[in-house]
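Okay, structure first, notes after.
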Amino acid sequence: MLRFGEGALIFAEREIREVHVAGGRVRLATRDDAEVLTRMRTELWPEGTAEEHSSELQEILSGEARGNKAMTIFVWEAHEGGLAGFLETRLRSHADGCHEGRPVGYVEGWFVSKGHRRRGIGAELLRAAEDWARRQGCRELASDAEIENEVSQRAHEALGFRPGSRVVTYRKSL
Ligand SMILES: CC(C)(COP(=O)(O)OP(=O)(O)OC[C@H]1O[C@@H](n2cnc3c(N)ncnc32)[C@H](O)[C@@H]1OP(=O)(O)O)[C@@H](O)C(=O)NCCC(=O)NCCS
């Protein structure tokens, strides 16, 4: 049973169903995955350095991350070994376009390595996040994509997401 309180996510692995797609399976990330996850995270979010990703992952995977940093991370692992994708999720108290009054599961990061795309791995990672969110009592799963990331938008919509609001953010130096 996963409990959500004081920003801490406490997890019992046996309760998560393992999801298999041809050639591999989705499972929860462990501390042993930190190195490969660092590489994949750095590819997805190059604005952060490998050192920054690595140190965030150490916190997350050791269960020490608190508040917004506390993530549940799923990885896709080939049967012969090697990770080819990950999805990071957490509860948010609310998300644009979702019903208010109950937390929603939120897809914070979703990535499949280039040579492994279009084989259903992204879909299986998402299914694991949906199962996880349902288990938390969520009725909705939310996510976002950069406006220029058409692949991500297509994948979201192919997998059942419907667009919420589209916003433009602004900044001004002070
Ligand atoms: C988005 C991403 C995770 C999808 O992973 P994936 O393993 O390729 O996804 P799937 O194979 O499960 O695709 C599911 C469906 O999404 C749609 N889709 C995925 N990639 C697509 C593409 N390049 N063009 C059009 N539709 C696409 C298809 O409908 C696909 O089903 P199909 O192959 O049966 O037609 C992957 O493309 C990726 O890592 N992209 C770079 C990082 C990124 O943008 N992440 C999202 C950040 S918000």
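Values quoted throughout were computed directly from the atomic coordinates according to the rules given, and no laboratory measurement underlies them. All of these numbers come straight from a predicted model, not from anything done at the bench.
Structure summary
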| read-out | value |
| --- | --- |
| Computed over the range 72-115, Kirkwood Rh from alpha-carbon pairs, angstrom | 12.1 Å |
| The chain: DSSP helices with Cα axial extent of at least 24 Å and average Kyte-Doolittle hydropathy no lower than 0.5 | none |
| Dimensionless Rg over Rh [the chain; C-alpha; Kirkwood] | 0.95 |
| Estimated 222 nm signal from helices in the chain, with DSSP H stretches of n ≥ 4 weighted -39500 (n - 2.57), rounded to 500 | -8500 deg cm²/dmol |
| Gain upon complete extension [E140, D32; 0.36 nm per residue less C-alpha separation] | 35.8 nm |
